[in-house]
Amino acid sequence: MVAFKRPDGRKITDLRPMTAKVGVVPNADGSALFAFGDTIAIAAVYGPRLLHPQHMQDPKQAVLRVNYDLLSFSVYERKKPGPSRRSQEISKMTEYALSPVLDLKEFPNTVIDVQIYILQADAGTRTAGINAASMALAHAGLPMKDLVCSVAIGKQDTTVVVDLTKEEEDFHEGEGATDFPLAKIANSDQFTLVQLDGNISTDLIPAAIQLANDACAEIYEVQKKALKEGALQ
Ligand code: CDP
């Protein structure tokens, strides 16, 4: 029995309303917008194109290069523009989350640039960014094994809940907030990102994974629908 109410009235399994659209950056090779409620991410893909300087090229495969940034007006307390340790970490984790679905060996010596910008942040920006980037890579027509879907699981009281807002993340008692972002390959059981900020008891992990699985199935449908709509335009 759940003894708490989520501030926006959602059930523990409810994602925020999702918005997804492709082709939002016409000059890019592929692009997409993905939003969880007030968290809005756009992703633009450029490439594969020859990587310069040459010494950075990999003759065996393409280099996937992700740049994630939280725009300074996206948060309540204005953020200093430019990269930070946080943005570098999220960029790297996003590369790891997306690489397994890409056939990088098909494009030796090249780079695939993925730019992710967060227009509005209300928690879950890395997961929204991964969802947008996965769609943008597909929109660019790159060969992919599958889409990647991503969501953060959190904790309210002692119950795991899906897709926390910043308000929910900031409201925590006792052992502190829990942010458990995951990404998975849509039509498989393979997770490509598992991070944990805070505490979660091992007893709760199976329930958290189940929540993420179910949420990713919903996210996948939203991503697919947007890609199909984009293909018709
Ligand atoms: O966004 P995500 O949950 O993936 O990463 P986080 O580092 O756990 O950040 C959680 C939230 O804190 C962000 O989504 C923003 O709403 C907020 N934040 C902020 O207000 N200012 C920052 N410089 C970084 C994060």
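See the values below:
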read-out: Selection status of ASP103, more than 9 Å from the ligand (Cβ to nearest atom) and either in contact with a Pro (Cβ under 9 Å, 6 or more places away or on another chain) or over 19 Å from TYR220 (Cβ atoms) (or both); value: yes
read-out: Subset tally (residues that are within 13 Å of the chain's Cα centre (by Cα) and either away from the ligand (no atom under 16 Å from the Cβ) or in a helix (DSSP H, G or I) (or both)) for region 192-214; value: 1
read-out: Residue, nearest to the ligand (Cβ to nearest atom), within region 111-123, restricted to residues that are open to solvent by less than 30 Å² (accessible area, probe 1.4 Å) and closer than 15 Å to LEU137 by Cα; value: ILE116
read-out: Candidate set: region 61-87, residues that are among the aliphatic types (A, V, I, L, M) and either within 11 Å of the ligand (Cβ to nearest atom) or in a loop (DSSP other than H, G, I, E, B) (or both); chosen: the one farthest from the chain's Cα centre (by Cα); value: ALA62
read-out: Yes/no for LYS145 being away from the ligand (no atom under 16 Å from the Cβ), open to solvent by 30 Å² or more (accessible area, probe 1.4 Å), over 19 Å from VAL222 (Cβ atoms) and not acidic (Asp, Glu); value: yes
read-out: Selection status of SER99, open to solvent by 20 Å² or more (accessible area, probe 1.4 Å), hydroxyl-bearing (Ser, Thr, Tyr) and free of Cβ contacts under 8 Å to residues at least 24 places away in the same chain; value: no
read-out: Any chance THR19 is outside any loop (DSSP other than H, G, I, E, B), β-branched (Val, Ile, Thr) and within 15 Å of the ligand (Cβ to nearest atom); value: no
read-out: Some residue of region 48-60 being over 27 Å from SER188 (Cβ atoms), open to solvent by 20 Å² or more (accessible area, probe 1.4 Å) and in a strand (DSSP E or B); value: yes
read-out: Filtered residues of region 103-127 (kept if assigned to a strand (DSSP E or B) and closer than 25 Å to GLN54 by Cα); value: THR110, VAL111, ILE112, ASP113, VAL114, GLN115, ILE116
read-out: Residue check for ILE130: among the aliphatic types (A, V, I, L, M), assigned to a strand (DSSP E or B) and open to solvent by less than 10 Å² (accessible area, probe 1.4 Å); value: no
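The values are calculated or read from the model by the stated rules, or taken from the named source; none is laboratory data. Note that this is a predicted model, so its numbers are computed, not measured. Because the Cβ atoms are built from the backbone with ideal geometry, glycine has one as well, and the counts that use them run over all protein chains shown. Protein only, heavy atoms only, side chains kept; ligands, DNA and RNA dropped before computing areas. Shrake-Rupley method; radii C 1.70, N 1.55, O 1.52, S 1.80 Å.
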